[in-house]
1. Within the set of other residues whose C-beta is less than 12 Å from the C-beta of V87, count the net charge using Lys and Arg as +1 and Asp and Glu as -1.
2. Compute the acute angle (0 to 90°) between the alpha-carbon long axis of helix 136-152 and the principal axis of greatest extent of the alpha-carbon atoms of the chain; round to the nearest 10°.
3. Among the listed pairs K126/K215; K144/K170; K61/K144, which have their C-alpha atoms separated by more than 32 angstrom in this model?
4. Full-extension gain between L80 and R243, please, as 0.36 nm times their residue separation minus the C-alpha to C-alpha distance.
5. Report the local net charge at R173: Lys and Arg +1, Asp and Glu -1, summed over other residues whose C-beta lies under 13 Å from its C-beta.
6. Using θ = phi - 60° and the Karplus relation 6.51 cos²θ - 1.76 cosθ + 1.60, list the HN-Hα couplings for the range 83-88 in order, rounded to whole Hz, with x at every Gly or Pro.
7. Please sort 25-32, 98-105, 225-232 by packing, taking for each peptide the average over its residues of neighbouring beta carbons within 10 angstrom, highest first.
8. Quick one: 3J(HN,Hα) in Hz for the range 164-179, Karplus 6.51/-1.76/1.60 with θ = phi - 60°, rounded, Gly and Pro as x.
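Derivation of every value follows stated rules applied to the coordinates shown; laboratory data play no part. Bear in mind the structure is a predicted one, so any value in this text is a computation, not a measurement. Cβ placement follows ideal geometry from the backbone for every residue including glycine, while neighbour counts extend to all protein chains displayed.
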Amino acid sequence: MNRLSIIVAALLTSSLASAEPIALVLSEALPPYQLAQKGIVETRRFDTATHPIEDIAKIPKTTRALVAVGAKATVDLRQLFPEHPIVFCMILNPERYQLPNGKMTGVALNIDPESQFRAVRMLLPKAKRIGVLYDPAKSGSTIKLAQQSANARGLTLSASKVTDPKDVPKLFRELLDQIDVYWLIADSTVVNEQSFEFMLLYSVEKKIPMISYSKNFVKAGALVSLSADYYAIGKQTGQLVQRILEGEAADSIPVQYPKDPRLVLNLKTATRLGLNFDAKLVSEAEEVY
């Protein structure tokens, strides 16, 4: 770095440090949210002031940007500060909340379909047909993107619409006769405790692997999951805040997916499905059950 670059960086850091702190609001004091908060704060390129969600009306109007962790904080801040740039994180399926909305960007909690289909190709190279149940009102844009990713990888995505949780068992049975892998997405119309238990047992019985979005599902018996690192999401969110402070408009930055998702495998389930994974691949998993 030359002398001029050093001077410019020092002036920028000084100006950011002396300005009004960025307002940070958590929807709840949950450990995952707190890990994301830690990542944001440790970006260290700007000062932050954390505000209780019940006191967000007291946030100074001179605040240059707002950071929301979770859906409630995001929606509440949008209502109170419609003209302020907002960066959100830790929200599954932001579209459910009509997000982004206005001067806003963020990091979703979902893992992008491309990463998940890459994992399917790596773990199950013979699989060609992927099935998914989804509610169009909650996951429509995810499925649209997934169709593009599947086509690009030579995969067929069979997506069955669900609007009533009571229809899940029937539609799931019908779908499993047409696919090689079932893709479980974070859709509250499709997934609850009872429906997951049914889908897990039936998929194992039919020897259909399930790829999920949570390591808790893998621990319960799903074959594999790709999930986000909450602290890393915080760091990624902090980088978006920095871009806004340096002059980019929040609404010009597309919502991002978490980077470098964590792979979790259940080898007991693999055995029940008659699958064997390469030792090198297993060693790359974050957790193995």
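1. Around V87, the charge tally is +2.
2. The angle comes out at about 70 degrees.
3. In this structure, K61/K144 exceed 32 Å between Cα atoms.
4. Result: 56.4 nm gained on full extension.
5. -2
6. Going residue by residue, I get 9, 8, x, 10, 10, 10 Hz, with x marking Gly and Pro.
7. Top to bottom by mean Cβ count within 10 Å: 225-232, 98-105, 25-32.
8. 9, x, 5, 8, 4, x, 5, 5, 5, 4, 5, 5, 5, 6, 10, 10
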